[in-house]
Amino acid sequence: MKKILGFAGAVLMASLAFMGCNEKKSAANSGKKLIKVGYAQVGAESDWRLANTESFKSTFTPENGYELIFVDAQQKQENQIKAIRDFIQQEVDYIVVAPVVETGWETVLQEARNASIPVILSDREMKLSDESLYLCWVGGNFLKEGQDAVAWLDAYLKKLGRDGEDINIVDLQGTIGASAQIGRTQGLEEGIAAHPNWHLIAQQTGEFTQSKGQEVMESMLKQFDKIDVVYSENDNMTFGAIDAIKAAGKVPGKDIIIITFDAVKEAFNRMIAGEINCAAECNPLHGPRVDEIIKNLESGTSVTQKKQYVTEGVFDQDNAQAVLPTRQY
Ligand code: GZL
């Protein structure tokens with residue numbers, strides 16, 4: 001008897017599973033063609049980037065009506081350009097790009113236009129002579145992120161009674177030519193110009209990676225006896241810089257004020273531990289925003305806003321503990 005039930009049970013399970021998966025597929029298809037989206041991502045260089053990728057992969061699913069073709073360009077523009085050409089060959093419905101740097105896109109965007117495929121930019125921006133080559137852009141306000149970090153530093157130095165002191169600042173820059181690097185660096189340089197007692201003693205790219213950030217910080221610590229502030233243009237370079245500062249026998253967050261950008265969960269942990277003083281947020285959750293734009297276009301609603309900024313805040317050791325449980329990345 002047991003054997004027969006066993007076999008019948010297996011058949012039942014198999015058919016339920018088939019229905020379930022069938023049901024899932026039908027939710028995806030429900031008679032409607034999936035929207036084919038080609039997404040050329042910068043790479044996987046940072047925690048922020050991983051969260052940004054996850055935001056797209058978890059949004060552009062068959063259940064949500066999409067077929068996503070995802071390419072990790074490993075921080076190389078030539079790989080992104082090749083991906084865009086492949087998307088055109090595959091006749092996707094939309095192309096989404098997070099451009100690794102701002103220049104060098106005119107030709108391939110013209111090819112997308114010739115193929116009548118709309119291009120949506122996410123995260124970083126492109127410098128183009130013809131802005132109509134892309135439909136719209138979703139991302140963070142990098143200049144404002146820098147200005148907010150500078151305003152925080154100004155207030156913090158006043159709170160410490162150090163606002164009249166000569167302050168030596170080093171700038172760990174992101175990938176040179178990336179919008180995030182351009183905006184954050186400009187925010188700092190504006191702050192330096194407004195504070196005669198602030199001195200920008202070194203600027204060097206750490207390519208937004210932890211290993212390069214550590215390497216650059218090591219060389220800066222050898223070069224300068226007095227570094228008061230590290231202005232690090234993303235969290236992963238900051239984590240590397242903290243390792244270098246500790247190895248040099250200094251206390252990050254105390255001997256050297258640490259300002260970072262992105263504000264991923266680990267940055268909050270480091271603020272609570274006292275190693276980071278301030279984290280300026282750069283929100284990576286662009287997937288739902290781009291989904292909304294495409295769904296509107298599919299229903300005949302045209303794009304009205306060329307640039308769509310995500311909301312971002314500034315956090316420090318006073319609020320990190322309370323805010324951490326609310327963080328999504
Ligand atoms: C910012 C994004 C930057 C992040 C880095 O929008 O382009 O690239 O700040 C990432 O972490 O590498």
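The values are calculated or read from the model by the stated rules, or taken from the named source; none is laboratory data. Just so you know, these numbers come straight off a predicted model, no measurement behind them. Neighbour counts run over all protein chains shown; Cβ positions are idealised from the backbone, glycine included.
Here are a few things to note about the model shown:
- So GLU207, is it in contact (Cβ under 8 Å) with a residue 40 or more places away in the chain and either among the polar types (S, T, N, Q) or over 22 Å from SER46 (Cβ atoms) (or both): no
- Of the candidates ILE95, ILE81, the single residue that is buried (at least 22 other Cβ atoms within 10 Å of the Cβ), assigned by TED's automatic domain parsing to the domain that holds TRP48, over 30 Å from LYS254 (Cα atoms) and β-branched (Val, Ile, Thr) is ILE95.
- Residues satisfying the stated conditions in the stretch 169-181, i.e. under 21 Å from MET220 (Cα atoms) and crowded, with 16+ Cβ neighbours inside 10 Å: ILE169, VAL170, ASP171, LEU172, GLN173, GLY174, THR175, GLN181
Residues are listed down the side, and each one gets a yes or a no for (1) part of a loop (DSSP other than H, G, I, E, B); (2) free of Cβ contacts under 8 Å to residues at least 60 places away in the same chain:
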residue	(1), (2)
ASN236	no, no
PHE261	no, no
GLU266	no, no
ASN283	yes, no
GLU292	no, yes
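Matching residues to (1) among the aliphatic types (A, V, I, L, M); (2) more than 16 Å from the ligand (Cβ to nearest atom):
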{"position": "LYS226", "(1), (2)": "no, yes"}
{"position": "VAL251", "(1), (2)": "yes, yes"}
{"position": "THR260", "(1), (2)": "no, no"}
{"position": "ALA263", "(1), (2)": "yes, no"}
{"position": "ALA279", "(1), (2)": "yes, no"}
{"position": "ASN283", "(1), (2)": "no, no"}
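- Selected residue (only one of PHE261, PHE315 is more than 14 Å from the chain's Cα centre (by Cα), closer than 28 Å to GLN41 by Cβ and not charged (D, E, K, R)): PHE315
- Residues that are assigned to a helix (DSSP H, G or I) and either in contact with a Leu (Cβ under 8 Å, 6 or more places away or on another chain) or not hydrophobic (A, V, I, L, M, F, W, C) (or both) within the stretch 298-329 comprise GLU298, GLN321, PRO325, THR326, listed in sequence order.
- THR209 meets all of the listed conditions (1) away from the ligand (no atom under 14 Å from the Cβ); (2) closer than 22 Å to TRP48 by Cα; (3) buried (at least 18 other Cβ atoms within 10 Å of the Cβ) but one, namely (1).
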